[in-house]
1. How much length is gained if the chain between residue 101 and residue 77 is pulled fully straight, taking 0.36 nm per residue apart and subtracting their Cα-Cα distance, in nm to one decimal?
2. When the Cα centres of region 45-88 and region 108-185 are compared, how far apart do they sit, in Å?
3. For residue 163 and residue 7, what does the FRET efficiency come to when R0 = 30 Å and r is the distance between their Cβ atoms, rounded to the nearest 0.05?
4. Would you compute, from DSSP H runs of 4+ residues alone, the mean residue ellipticity of the chain at 222 nm, taking -39500 (n - 2.57) per run and dividing by the full residue count, rounded to the nearest 500?
5. How far is helix 131-159 tilted off the main Cα axis of the chain, in degrees rounded to 10, range 0 to 90?
6. Give the whole-number value, in cubic angstrom per residue, of the convex hull volume spanned by the C-alpha atoms of the chain.
7. Against the longest alpha carbon principal axis of the chain, how many degrees, from 0 to 90 and to the nearest 10, is the axis of helix 164-175 turned?
8. Keeping every protein chain present and rolling a 1.4 Å probe, give me the accessible area per residue for the chain in Å².
Amino acid sequence: YPWAVADYKPFSFIRLSGKMTDREVGLVFAQLVDYNDILSEGSANDVLHRVIQAPSLVLPGGIQARAANNKVISPSCCCGLERWRDWLRFMKKGQSPWLGHDPNPWVEKVKGLVRVWSDTKAKSFHIDFEKSKFEAELSKVQQDLSAFLARSEEWAGRVGCSEPTNLSGKFDECFSISRWQRFLR
């Protein structure tokens, strides 16, 4: 890539936020380029301009549930960040968001709790959240994603992108970060 990327183990979970290093932001955009089959040759400006021109973008991952005891349920295969708003719809309508397969995590509401299941199989486990705490965490996800937009714009300018605002705008458009509140109404 025509920019530096962080060294993470394959399939590591990276939390998008405004606190990311340039190398971490570079890794996210490298993954975005790879996953969307965007040509990575040329200058950073050339590659990031192709990202801006892409008709749509997807990115593997999503929201990870973590308990106070460090029990973790991560999104599975084929779950993408572009579906993060499904968690907001779940809070309104009760239908579990798509969280991938192999394993098949899912979510349900149970007596004032939000229960996130690790799988549909018998040996699965779950993490319970009080509804108000869960809603606060979803709000924090949106804040982190918004901060990532600002951080990615800073990064893009530093690596030589001539349109850093358009790049963060494209990310926002494809992942509907700024429009999140309409799903809570």
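1. So the chain would gain 8.1 nm between residue 101 and residue 77.
2. Distance between centres, Cα-based: 8 Å.
3. 0.60
4. -13000 deg cm²/dmol
5. Value to nearest ten degrees: 10.
6. Working: hull volume 22.5 nm³, N = 185.
That works out to 121 Å³ per residue.
7. Compared with the principal axis, the helix lies near 30 degrees.
8. Details: 10110 Å² over 185 residues.
Result: 55 Å² of accessible area for each residue.
The values are calculated or read from the model by the stated rules, or taken from the named source; none is laboratory data. Note that this is a predicted model, so its numbers are computed, not measured. In this analysis, Cβ positions are derived from the backbone assuming ideal geometry, glycine residues included, and neighbour counts consider all displayed protein chains. Surface areas here come from the heavy atoms of the whole protein model, side chains and all, with no ligands, DNA or RNA. Shrake-Rupley method; radii C 1.70, N 1.55, O 1.52, S 1.80 Å.
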